1. State whether one or more residues within the range B:75-93 are in contact with a helix residue (DSSP H, G or I) (Cβ under 8 Å, 6 or more places away or on another chain), part of a helix (DSSP H, G or I) and β-branched (Val, Ile, Thr).
2. Being in a loop (DSSP other than H, G, I, E, B) and hydrophobic (A, V, I, L, M, F, W, C) is the filter; apply it to the range B:113-156 and report the residue that is modelled with the highest pLDDT.
3. Among the residues of the range B:17-56, which ones are part of a helix (DSSP H, G or I), more than 8 Å from chain A (Cβ to nearest Cβ) and in contact (Cβ under 8 Å) with a residue 60 or more places away in the chain?
4. Could you run through the range A:53-73 and say how many residues are more than 33 Å from the chain's Cα centre (by Cα) and assigned to a loop (DSSP other than H, G, I, E, B)?
5. Report yes if residue B:268 is of a type in the set (D, E, K, R) and surrounded by fewer than 17 Cβ atoms within 10 Å (Cβ to Cβ), otherwise no.
6. Would you mind stating whether residue B:14 is assigned to a helix (DSSP H, G or I), open to solvent by 70 Å² or more (accessible area, probe 1.4 Å) and over 30 Å from residue B:226 (Cα atoms)?
7. Within the range B:223-245, is even one residue among the acidic types (Asp, Glu), more than 18 Å from the chain's Cα centre (by Cα) and part of a strand (DSSP E or B)?
8. Could you check, for the range A:263-275, whether at least one of its residues is within 14 Å of chain B (Cβ to nearest Cβ), aromatic (Phe, Trp, Tyr) and open to solvent by 40 Å² or more (accessible area, probe 1.4 Å)?
Amino acid sequence: MSATHTHEQSFVGKYIFSRDHKIIGIQFLFTSIIFLFLGGLLALGVRTQLGWPNAEIPIIGKWLFPGSAGGKMSPDFYNMLFTMHATVMIFFVIIPWLTGAFGNFTIPLMIGAPDMAFPTLNMLSYWFMWPAFIIMLMSFVVFGGAASSGWTSYPTIASLMMPEGTTSPASMGSGLGQILWLTSLTFVGVSSMMGSVNYITTIINMRAPGMTLFRMPMTVWAMFITAILQAMALPVLTVALIFQLLDKTIGTTFFLPPAGATIGNWTTGPGGGQPILWQHLFWFYSHPAVYIMILPAMGMVSDVIVTFSRKPLFGYKPMVLAVAGIAGLGFIVWGHHMFQSGMDPRLGTGFMLATILIALPSAVKVFNWLGTTWNANLHLTTPMLNALAFVALFVIGGLSGIFMAATPVDMYFHNTYFIVAHIHYVLFMSSIFGLFAGVYYWYPKMFGRLMNEFWGKVHFFLTFVSANCAFYPMHIVGIGGQPRRYAIPVDADYMAHLQGLNTWISIWAIVMGFSQFIFLANFIVSLFTGPKASRNPWKAATLEWGTPSPPGHGNFEKEPLVIRGPYEYSGPECAPGEDYAVQAPNLVVPEGIPTPVKR
Amino acid sequence: MHRFWGWTFGSVLLGIFLLSAVSPWMNWWLPKGTSSYSPEIDKLFYLILAVVTFFYVLTEVLLVVNICRSGAPGRKAQFTHGSQKLELLWSVIPGVILVTLAVVQIQVWANIKYPSHMLQSFEKGEQYLQMGVEARQWEYRMRYPSPARVAEWESAAKAKEDFVRRLPERFDDVHVVNDVHVWKDQKVLIHLKTRDVGHSLFFPNLRLKQDALPGRTIPVWFEAKEANTQFNPASKTWTDGWRQEGSQWVSDPHNVFDLVCTQYCGTRHSLMRGKLYVHPTKEDFLAWLKQAQELNNDKKGTPTAVAANP
């Protein structure tokens, strides 16, 4: 295996249509962060309506809602906001950031490979996101607006073929906006499938000598298992999207019941399909998708926690088995999204059993993280704080899942804010904190500079406090019975008293949203003026820290020879005076630049 | 700095615990449960809450302790790759708890939702007020049997046939919009349909939720255990928000039992709403039903039964 090889590359070949996994990873990173802010803006729109229902929105209200007296948000606009918030965050932020950015960047470096198995396919997997981006952004400005039937797009509200033109009588956003939504996500699915095939092949085939499977860091294990999830689940979503696209355009009836549907005065033709079929197909992908959205973060968090605990990972093999267990069980629990849907309740019992069991490997992981940080030498750097927040808040997100796994209790909580609380604890508070940990940790390797520690900690503190103040009370309003996806949040008598909590949540959501600009500023400014990073600023043991910061094309100056596992910290194999033993000592070169990090 | 971060984590996590603890007293909690199965469901909720609280406190305290303990400079980390004993401990104990939780709830779910259990109930001769609810954008259309059919219970065989055939339309059915009227301690079986998109029937006080699917009729049953409706002679209508204390009625705003839609259904999803009126006796219910029938017959243009989804 050759290491670095130089050849002349044009600017376009080197930075735009790059086939270098590091550049592709950074491309995914940049676009994910841009969409993070779009998704966040949409969320602030949702929270504005929920915090101050039917209020006149200052400044932009009259421009956005010219039809309403005084600039008030319409329910149709609100419905579009929550739909697109979820769509953008799931498909354009979390999945590309975790798998596209970090999967791409870390896998070859951490297994000792010069690049991915299929560099051209890798480049395509990024560029296939661009039609998705453009189509989705276009959907905001077509007649009827962007999709507005929830990111779940259930038939028949989303799926009916329009009687004429491209407007749907069922819902404003179910016209051209929905068609574009379906098309865009098909591109996202293809991009992810390309990536997953690449990752699986690379990890199986291209590990450096001595890098056995059980010497791989948790990040790589997590990315590997996630890629398998993607490869197996995405085809089902793609099929579902195409079925709905056909239903909407050429009049197939995959999701239209035999008697059709009657919207107001308009009746469709006869059907022959089943609306619930969509739910099965959609959730067969989307449940594994939520594990796609957390397992990589769990892997990264494990690596960050170990590095800043200066201690081996507690229970490495159980941790690997737990990731596999979560993924495997994740394929047989999709019906828990459908307990109350009209699906045969006996199936519900089956899905309940599998769902309750999934709590077990998740619990095992939490206990092992606690074991790792016990009797440790913790360095509370910014990445470490974010990783610890992941653990603390994933506990809450995971525990709240047990209520919903219990079918009789789910009868009450389904489609209430309790679900929204759960979602955001596992997605924002877990995945996003995990992503922040990964960014602060691998930034020096990506860009050759360190992010600012002080502002990183300010960002962490503000986000940690404001996010909990915003999202925890959602459990409470959910217990009070407030439904989700309500443009007018608490109008019914039994929940009218919950408005105060909604306003509280909105205020903290705004604080949290604005705090992210600190991260953005830190990220951008450090690219230019951050302190230059050494090869191994964190004194970590895994292979990527044996390369220059950033690594050159081909990654390693010589082929790594791996002689130990990834987590040999504070043990007998460490050199005297050091508390870590690198996986491949043949990569070590004398440090030229002192480590400027304050520990 | 470790103490600062220990305090940060600790106070946020403690704040979460305290907010949850005070919520019932602040009235930010479950609405009153008034069905025959709401006690079982609430018990299960509290059982899970207890288990969850225990593990929350255990793990978060350990985490905060770990953060605080690690502050000493020059501290050496313990070199260990794990402990098989601990792994067994924290796999088996949660595993047993989870399996127990799973097993104790199966009957509760089956009794409420399994159509086979409902069928068995009919075969045993239990009596249900069977009614139809057809959801549409953005209202619920209730279809009651006529007072004559309710006054005298039908034979068990006829009732079962109605159940199996999903309560066919009859010429003398009484049609009402958005209001579900039942009477106390009487089992009610709703045949739930939708004519356009997905909707849902959610009665927070009954703890009952069932989504409606286009193309299907789904049976849903409940038994209300508390009356909240009495006749108001001045307005000659029945009003809710009443609580019975012995033979007296007391005004109580908590005794308004809402029905809300919880399956996203378009523009007015958040305004699609009904009410559950629980009459104290069958006679009182019949009096209301007769009045509703008269209103049906008097009014021109009353929505008549539309057999869109037979």
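1. There is no residue in the range B:75-93 that is in contact with a helix residue (DSSP H, G or I) (Cβ under 8 Å, 6 or more places away or on another chain), part of a helix (DSSP H, G or I) and β-branched (Val, Ile, Thr).
2. B:138
3. Within the range B:17-56, B:38, B:42 meet the criteria.
4. 6
5. yes
6. So residue B:14 fits the description; yes.
7. yes
8. Yes.
The values are calculated or read from the model by the stated rules, or taken from the named source; none is laboratory data. All values derive from a computational prediction rather than experimental measurement. All Cβ positions, glycine included, derive from the backbone under ideal geometry; neighbour counts span all protein chains shown. Each accessible area value is taken on the protein alone, full model and side chains, heavy atoms only, with ligands, DNA and RNA left out. Shrake-Rupley method; radii C 1.70, N 1.55, O 1.52, S 1.80 Å.
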